[in-house]
Structures are given as C-alpha cells and as structure tokens.
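Following: one structure in structure tokens, then a few remarks.
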Amino acid sequence: MDLGLKGKVVVITGAAGLKGSIGETILQHLAAEGAIPAVIDRNDRGFAYIEEIQKQGIDGLFCKTDVTNPVQIEEAIAKIVAKYGRIDALINNVGVNDGAGLDASYEEFMDSLKLNMVSYFVTVKSALPYLKASKGPILNIGSKVGLTGQGGTSGYAAAKGGVLGLTREWAVDLIKHSIRVNAIIIAESWTPAYDTWIKTLENGEEKLKSIVKKIPLENRMTTPDEIADTCLFTISERSSHTTGQFIFCDGGYVHLDRSLLTE
C-alpha cells in the first residue's frame, strides 16, 4: 500500500534510541516510505542514523536536543523549518519508564513529567504554525501504563495518562484546522530497554515467560515493526478521517477477556 508519505517532512522525537527501539524503528520505516525524517533527540546516535539513511538516497535531519529544555525544542523546530520550509506531520515518541514512584522526590517526579509529557506540549506548540499550514497530523506514542497503572512509576504513569488527555484535547482544539490527533498505545514490546530491564531481574526469564503468556494474540510481544507500521498508517492519508483515537497495538493485552489466557 502506498501511504503517500514520500517527500513528507515528519518530525519525530526520541528516535535516536538503540537499534531496535520503537523510535529508531519508526525512523527506519519513515525512510523506507521515502519520507523526510527530522529527528529531535539528545543522543548522538541520531547523527549516524541520519547519515545512514542519506546514503540510501533519503533526506533527513538530526537536531541534537534535550527535550526537557523548551528553548532547545524551539530551536530544533526552527532549524527544521529553516531547511525544509514546512512540517507535514509530528510524532511525539519520547518515553522513559523511569521508576519515579511514591518514594521519589518532588524533583524526580517533575523531571519525569517534563520528559514524558511536557516535551509533547512544547514540541506541538512550537510546530503548530507549520502544522496548521500543512494540515499535518499529530501522533502521540502512549503506554498502557497510563490506563492500567503498573506500580512504582508514578511519574511515567501520570505523564502517559496526561498524554492521552492531551491527545483528545488537541483533537478538539485543532479540528477546525483539519489537523488529526491520535495516540498509539503500546503494552508489551520487545525493545533494547525491555531486554535491559529483564536482565536486571533475578528471575528474568521466568518473568518474561509469565508476561508473554498473558498476551492474548499468539502469546507473543508486539514487535517494534508492527508498532511502526501502525504509526505510519495513522499519520498517512489512508487514515484521513481518524482523530481523537487511542489506537491499541498490543495483541489484545489491555482489553480482551482474561479467559483467553493460557493459564
């Protein structure tokens, strides 16, 4: 299916994670569609990723940015517009399940909110004049933790719950500009960060097997590739009358009947 993304300038935050992370996978899928990814991230890996896709004949830009710093976000958006003159879509992908729980300090809790939610607000606010000009869609990457809770991660849960609230709020605010705003909600996906977490557990392999058994569809984790495909479809004109939606790419993890569980 031609998603019509060729030549579209797509801003994506948090896409300079490790190879196989959700953001990096979305970046590669954008490049494969011929889109022009404009990456906003603090990690220097972003330079290599953009160089890699440029060698494939795909244009792109990396803006090294601390997304907890509003001035740096504004500067990144200005740099993107200076080069391309437009923004055609925005994917807010930043997310770190940082474990800022009830035992965290006020500062740690606020830092989690700044990274996982406030950065979304600042990025959208900075890009909005250009999104209005292009009628470009906004896609927020969410987490089931914002709906179900998880335990021990108050900052991340509050932020991801807030991201869902912002998704609906912005869909209402921007409908008069024909800007669609949606959220992809992820549950269990095998990423480098997930692998790192499992390896910190004393009984990591047993924990992993227990989690996988609870995913109704095929008793397996959602792949980053599947998430990326859902993201690209959602920002494309193939999804032209979808707005204000929470789209679950989770193998039925959140909603399906517990009777489907294998044990």
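The values are calculated or read from the model by the stated rules, or taken from the named source; none is laboratory data. Because the structure is predicted, anything quoted here is derived from the model rather than measured. Neighbour counts are summed over all protein chains in view; Cβ atoms, including those assigned to glycine, are modelled from backbone coordinates with ideal geometry. We work out accessible area using only protein heavy atoms, side chains counted, and drop any ligands, DNA or RNA first. Shrake-Rupley method; radii C 1.70, N 1.55, O 1.52, S 1.80 Å.
Can you report the number of residues in region 191-201 which are open to solvent by 20 Å² or more (accessible area, probe 1.4 Å) and over 17 Å from residue 14 (Cβ atoms)?
Within region 191-201, residues that are open to solvent by 20 Å² or more (accessible area, probe 1.4 Å) and over 17 Å from residue 14 (Cβ atoms) number 5.
Sort out for me the helices (runs of 4 or more DSSP H) sitting completely within region 145-232 that have 3 or more residues that are in contact (Cβ under 8 Å) with a residue 12 or more places away in the chain, closer than 29 Å to residue 4 by Cβ and over 13 Å from the mean Cα position of the chain (by Cα).
Details: elements: 145-148, 154-174, 192-200, 204-213.
Of the helices (runs of 4 or more DSSP H) lying wholly inside region 145-232, those with at least 3 residues that are in contact (Cβ under 8 Å) with a residue 12 or more places away in the chain, closer than 29 Å to residue 4 by Cβ and over 13 Å from the mean Cα position of the chain (by Cα) span 154-174.
Any idea which residue in region 159-178 is farthest from residue 102 (Cα to Cα), counting only those that are among the hydrophobic types (A, V, I, L, M, F, W, C) and out of contact with any Phe, Trp or Tyr (no Cβ under 8 Å at 6 or more places or on another chain)? Full working, then the answer.
To start, the set of residues in region 159-178 that are among the hydrophobic types (A, V, I, L, M, F, W, C) comprises 159, 163-164, 166, 170-172, 174-175.
Then drop every residue that is not out of contact with any Phe, Trp or Tyr (no Cβ under 8 Å at 6 or more places or on another chain), which leaves 159, 170-172, 174-175.
Details: 159: 14, 170: 30, 171: 32, 172: 33, 174: 35, 175: 37 Å.
It comes out as 175.
Being among the aliphatic types (A, V, I, L, M), part of a loop (DSSP other than H, G, I, E, B) and either touching a strand residue (DSSP E or B) at 6+ places or on another chain (Cβ under 9 Å) or open to solvent by less than 50 Å² (accessible area, probe 1.4 Å) (or both) is the requirement here; does residue 58 meet it? Walk me through how you get there before you give the answer.
Working: among the aliphatic types (A, V, I, L, M): yes; part of a loop (DSSP other than H, G, I, E, B): yes; either touching a strand residue (DSSP E or B) at 6+ places or on another chain (Cβ under 9 Å) or open to solvent by less than 50 Å² (accessible area, probe 1.4 Å) (or both): yes.
Judged against the criteria, residue 58 is a match.
Counting just the residues of region 202-220 that are open to solvent by less than 50 Å² (accessible area, probe 1.4 Å) and of a type in the set (A, V, I, L, M, F, W, C), which one comes out farthest from residue 257 (Cα to Cα)?
Here the residue is 208.
Does region 239-259 include one or more residues that are surrounded by fewer than 16 Cβ atoms within 10 Å (Cβ to Cβ), of a type outside the set (Lys, Arg) and part of a helix (DSSP H, G or I)?
Taking every residue of region 239-259 in turn, at least one turns out to be surrounded by fewer than 16 Cβ atoms within 10 Å (Cβ to Cβ), of a type outside the set (Lys, Arg) and part of a helix (DSSP H, G or I).
Take the residues in region 101-119 that are polar (S, T, N, Q) and farther than 10 Å from residue 155 by Cα; name whichever of them is most open to solvent (accessible area, probe 1.4 Å).
Start the filter on region 101-119 by keeping residues that are polar (S, T, N, Q), which leaves 105, 112, 116, 119.
With the extra rule that they be farther than 10 Å from residue 155 by Cα, the set shrinks to 105, 119.
Working: 105: 45, 119: 4 Å².
If we take residues in region 101-119 being polar (S, T, N, Q) and farther than 10 Å from residue 155 by Cα, then 105 is most open to solvent (accessible area, probe 1.4 Å).
Does residue 122 satisfy the criteria of being open to solvent by 60 Å² or more (accessible area, probe 1.4 Å) and more than 18 Å from residue 8 (Cβ to Cβ)?
Numbers: open to solvent by 60 Å² or more (accessible area, probe 1.4 Å): no; more than 18 Å from residue 8 (Cβ to Cβ): yes.
The answer is no for residue 122.
Which condition from (1) without any contact (Cβ under 8 Å) to a residue 12 or more places away in the chain; (2) under 24 Å from residue 238 (Cβ atoms) is the one that residue 48 breaks?
(2)
Do any helices (runs of 4 or more DSSP H) lying entirely in region 67-134 carry at least 2 residues that are more than 21 Å from the chain's Cα centre (by Cα) and under 26 Å from residue 151 (Cβ atoms), and which ones are they?
Numbers: elements: 70-84, 106-113, 119-134.
Answer list for region 67-134: 106-113.
Filter region 143-166 for residues that are polar (S, T, N, Q), open to solvent by less than 30 Å² (accessible area, probe 1.4 Å) and over 18 Å from residue 23 (Cβ atoms) and give the result.
153
When you scan region 4-17, do you find a residue that is within 13 Å of residue 123 (Cα to Cα), polar (S, T, N, Q) and part of a strand (DSSP E or B), even just one?
Quick first cut of region 4-17, residues within 13 Å of residue 123 (Cα to Cα) only: 10-14.
Now narrow it down to the ones that are polar (S, T, N, Q): 13.
Now restrict to residues that are part of a strand (DSSP E or B): 13.
Yes, region 4-17 has at least one match.
Identify, from the list 34, 20, the residue that is on the phi > 0 side of the Ramachandran plot, small (Gly, Ala, Ser), in a loop (DSSP other than H, G, I, E, B) and under 18 Å from the mean Cα position of the chain (by Cα).
Numbers: 34 fails: under 18 Å from the mean Cα position of the chain (by Cα).
Result of the check over 34, 20: 20.
So which residues in region 167-190 are open to solvent by 20 Å² or more (accessible area, probe 1.4 Å) and of a type in the set (Val, Ile, Thr)?
172, 175
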